[in-house]
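J.: There's a structure below that I have some questions on.
The values are calculated or read from the model by the stated rules, or taken from the named source; none is laboratory data. All of these numbers come straight from a predicted model, not from anything done at the bench. Glycine gets a Cβ as well: all are built from the backbone with ideal geometry, and neighbour counts include every protein chain shown. Protein only, heavy atoms only, side chains kept; ligands, DNA and RNA dropped before computing areas. Shrake-Rupley method; radii C 1.70, N 1.55, O 1.52, S 1.80 Å.
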Amino acid sequence: MCGIVGILGSKPVATDLVDALRRLEYRGYDSAGVATVENGHLERRRAEGKLRNLESRLLTEPLTGRTGIGHTRWATHGRPTERNAHPHMSAKVSVVHNGIIENFRELKAELTGKGHTFETDTDTEAVVHLVTEEMQGGRGPIDAVKAALGKLKGAFALGIIFAGEDDLMIAARQGSPLAIGHGRGEMYLGSDAIALAPFTDAITYLEEGDWAVMRRSGVEVFDRAGECVKRPLIKSVASSLLVDKGNHRHFMAKEIHEQPDVISHTLSNYIDMANGRVNFPDLGIDLTKISRVTISACGTAYYAGLVGKYWIERYARLPVEIDVASELRYREAPLPEGGLALFVSQSGETADTLATLRYARANGQRIASIVNVRTSTIARESDAVLPTLAGPEIGVASTKAFTCQLAALACLAIALGKARGTIDEALEQELVTALVEVPRLISSMLRDEEQFVELAQMLSKARDVLYLGRGSSYPLALEGALKLKEISYIHAEGYAAGELKHGPIALIDENVPVIVVAPEDDLLEKTVSNVQEVAARGGQIILISNANPDKIGCALAAHITAPKAHALTNPLIYAVPVQLLAYHTAVFMGTDVDQPRNLAKSVTVE
Ligand code: AGP
């Protein structure tokens, strides 16, 4: 994840750009840069490392332009050097970018063939040359960007300025957040409202697929189809301390929508995007010598671990034992010689998980943890930490942390498989490519949110709701049930679909919605027969699948279409519909979505 800012100012902007970048350093800080329009041409200053290095550069080589963009970087493509630092530019265009351009290699080859010279290893530079190429073909800046956006694939946010254009900035949002600030004769652009807090609290948030033409007099916003649209101008409550809800009613909604961005950020910590390889940090643990992995966690984090079990066993051929922390710590499970104990926790402070970590350490295990709070107790007591980079998760019901945990677990499974020789280069490329597509596929799911509002009304009337899944979709059934019950207070249970006939099917009648998490994989056929068993007893079936509903062979109360994805990545994709189902049901029922009754964000007591 990176931080983007832009200012159409009434005075030189370089200092304000750097101040705004300072408020975005939480998004990444391995290099930074600014670019401005100086007497009609583009100038830039960049520096490796902390923001103070850029400030020093600007002291010795000042910029005086009133139109400028800035960027603080978390390297995804290319090492964190000055050469790879943003803004990237040609003589005509300067660009700052957050996210992943999936098809940058193809674009780079095509544009190089047209005579463009690439100076960096970044995916961003492909955007620079693409827009430049369009302008060289005779298009003006706005049409050039519109044409270029149609050729980009991935989840990203962009800020763009142009030589000779002192009163123009173009912004685009596809999967990564962007906020536009309205000033007095000035306009601002930022990755979030926190960056813009000192300039204005009048904010317009771009929505998925939007792009915007900004001038000092105001902004025109266009949707993906190029139609001019109105986006609400809201009063932000962001300050450098207070996390902001954005234009969402609840933190949970904002955090569901942040998933493309934060999953990209988490993946970029483990994947060398430029070469499509897993680039795992040295854990100080010899992955080839691990005899067994023991996973333990609580609640949603436990369900993430359960998905991890399926992946590690399937791709690394390594046995995995898993249990909820509150059980594992008391059943005195014998732990193997040379075993790795892996703990998953958003807060890194959950008492049961921490106690089990200490039990595992006392029993000779190497300790690794997947946490969202790097400074947490669980992180500090681990031999190795695999951070999720979800940013602060305020909603008590975990959403973005869950999918970031899955992203880290998927990369761990691949790293284990590579170390143990069960994953060759071809399979690694296949799996990494699938992971890199996840932010875009999740963005596509988030664009179709209206259907969940209608389904919420149906679910809100239910006394009991069942969730079914097989294979790595089974933990998603458990997670979906937890999401629904913890924020709407409706009783819900998740089951392995094959278990239904061993008792739970007695619950089925026309008052029981059954939510089936069933991607079109090698288990679909088996799940279909479970669905038909439910239909035969009048159950109301809500199918979540990329499969054609005709394949199910019975009436459905609803079909939520998921994008087709690799078997590895289905759990990340299918997390979104179960989150949105729970969220909209709770909103319809009027419960306290962000702080449900009886719960706490971090259970630090046993
Ligand atoms: C999930 O929505 C709940 N808030 C809860 O189950 C949570 O996942 C569990 O308490 C574990 O918390 P942790 O990830 O901070 O350890």
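J.: Just a yes or no: is a residue in the stretch 28-35 assigned to a strand (DSSP E or B), of a type in the set (Ser, Thr, Tyr) and buried (at least 20 other Cβ atoms within 10 Å of the Cβ)?
T.: Yes, the stretch 28-35 contains at least one residue that is assigned to a strand (DSSP E or B), of a type in the set (Ser, Thr, Tyr) and buried (at least 20 other Cβ atoms within 10 Å of the Cβ).
J.: Right, next: Give me a count of the residues in the stretch 399-427 that are more than 16 Å from the ligand (Cβ to nearest atom) and closer than 22 Å to Gly284 by Cα.
T.: Counting residues in the stretch 399-427 that are more than 16 Å from the ligand (Cβ to nearest atom) and closer than 22 Å to Gly284 by Cα gives 14.
J.: Let me ask you something else. Could you tell me which numbered condition Ile515 fails, if it satisfies all but one of (1) aliphatic (A, V, I, L, M); (2) in a helix (DSSP H, G or I); (3) buried (at least 18 other Cβ atoms within 10 Å of the Cβ)?
T.: Every condition holds for Ile515 apart from (2).
J.: Follow-up question, since we're still on this one. Provide a single number: the residues in the stretch 342-352 that are open to solvent by 20 Å² or more (accessible area, probe 1.4 Å) and not charged (D, E, K, R).
T.: Here the count works out to 2.
J.: Let me ask another. So if I check each of Arg447, Arg440, which one is in contact (Cβ under 8 Å) with a residue 60 or more places away in the chain, within 25 Å of Val516 (Cα to Cα) and surrounded by 20 or more Cβ atoms within 10 Å (Cβ to Cβ)?
T.: That would be Arg440, the only listed residue that is in contact (Cβ under 8 Å) with a residue 60 or more places away in the chain, within 25 Å of Val516 (Cα to Cα) and surrounded by 20 or more Cβ atoms within 10 Å (Cβ to Cβ).
J.: So which of Val373, Val396, Val344 is of a type in the set (A, V, I, L, M, F, W, C), within 14 Å of the ligand (Cβ to nearest atom) and without any contact (Cβ under 8 Å) to a residue 40 or more places away in the chain?
T.: Val373
Residues are listed down the side, and each one gets a yes or a no for (1) in contact (Cβ under 8 Å) with a residue 60 or more places away in the chain; (2) closer than 30 Å to Pro392 by Cα:
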{"residue": "Ala535", "(1), (2)": "no, no"}
{"residue": "Ala555", "(1), (2)": "no, no"}
{"residue": "Val587", "(1), (2)": "yes, yes"}
{"residue": "Asn598", "(1), (2)": "no, yes"}
{"residue": "Thr604", "(1), (2)": "yes, yes"}
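J.: Here's a follow-up. Within the stretch 347-370, track down each residue that is assigned to a loop (DSSP other than H, G, I, E, B) and more than 12 Å from the ligand (Cβ to nearest atom).
T.: Asn363, Gly364, Gln365 - these are the residues of the stretch 347-370 that are assigned to a loop (DSSP other than H, G, I, E, B) and more than 12 Å from the ligand (Cβ to nearest atom).
J.: Condition first: hydrophobic (A, V, I, L, M, F, W, C) and either touching a Pro at 6+ places or on another chain (Cβ under 9 Å) or within 14 Å of the ligand (Cβ to nearest atom) (or both). Now tell me which residues in the stretch 298-324 satisfy that.
T.: Passing the criteria: Cys298, Ala301, Ala304, Leu306, Val307, Trp311, Ile312, Val324.
J.: Then there is this: From the residues in the stretch 551-606 that are assigned to a loop (DSSP other than H, G, I, E, B), of a type in the set (Val, Ile, Thr) and more than 30 Å from Tyr315 (Cα to Cα), which one is farthest from the ligand (Cβ to nearest atom)?
T.: Thr591
J.: Moving on to the next point. Looking at (1) under 22 Å from Ala301 (Cα atoms); (2) open to solvent by less than 10 Å² (accessible area, probe 1.4 Å); (3) more than 13 Å from the ligand (Cβ to nearest atom), find the lone condition where Val432 falls short.
T.: (1)
J.: Now a separate question. Answer yes if at least one residue in the stretch 425-432 is within 27 Å of Ala600 (Cβ to Cβ) and free of Cβ contacts under 8 Å to residues at least 12 places away in the same chain, and no otherwise.
T.: No, the stretch 425-432 contains no residue that is within 27 Å of Ala600 (Cβ to Cβ) and free of Cβ contacts under 8 Å to residues at least 12 places away in the same chain.
J.: Name the pairs whose Cβ atoms lie under 9 Å apart, with the first residue in the stretch 475-489 and free of Cβ contacts under 8 Å to residues at least 24 places away in the same chain and closer than 20 Å to Val307 by Cα, the second more than 11 Å from the ligand (Cβ to nearest atom) and part of a helix (DSSP H, G or I), and 6 or more positions between them or separate chains?
T.: From the stretch 475-489, the pairs are Ala481/Val578.
J.: Name the single residue that is modelled with the lowest pLDDT among those in the stretch 27-52 being hydrophobic (A, V, I, L, M, F, W, C) and touching a Lys or Arg at 6+ places or on another chain (Cβ under 7 Å).
T.: The residue in question is Leu51.
J.: Which of the residues spanning the stretch 1-21 are under 29 Å from the mean Cα position of the chain (by Cα) and either surrounded by fewer than 24 Cβ atoms within 10 Å (Cβ to Cβ) or assigned to a loop (DSSP other than H, G, I, E, B) (or both)?
T.: Answer for the stretch 1-21, where residues must be under 29 Å from the mean Cα position of the chain (by Cα) and either surrounded by fewer than 24 Cβ atoms within 10 Å (Cβ to Cβ) or assigned to a loop (DSSP other than H, G, I, E, B) (or both): Met1, Cys2, Asp16, Val18, Asp19.
J.: Taking the condition within 16 Å of the ligand (Cβ to nearest atom), open to solvent by 10 Å² or more (accessible area, probe 1.4 Å) and without any contact (Cβ under 8 Å) to a residue 12 or more places away in the chain, does Arg380 pass?
T.: yes
J.: Step by step: first the residues of the stretch 325-341, then only those that are under 24 Å from Leu416 (Cα atoms) and either without any contact (Cβ under 8 Å) to a residue 12 or more places away in the chain or open to solvent by 20 Å² or more (accessible area, probe 1.4 Å) (or both), then the one that is farthest from the ligand (Cβ to nearest atom). Which residue is that?
T.: Ranking the qualifying residues of the stretch 325-341, first place goes to Glu337.
J.: List, please: which pairs have Cβ atoms under 6 Å, are six or more places apart or on different chains, and start with a residue in the stretch 3-18 that is more than 15 Å from Arg73 (Cα to Cα) and end with one that is of a type in the set (Ser, Thr, Tyr)?
T.: Every condition considered, the pairs that remain are Ile7/Tyr188; Leu8/Thr67; Pro12/Thr64.
J.: Could you check how many residues of the stretch 266-297 are buried (at least 21 other Cβ atoms within 10 Å of the Cβ) and either polar (S, T, N, Q) or within 16 Å of the ligand (Cβ to nearest atom) (or both)?
T.: Total satisfying the criteria: 7.
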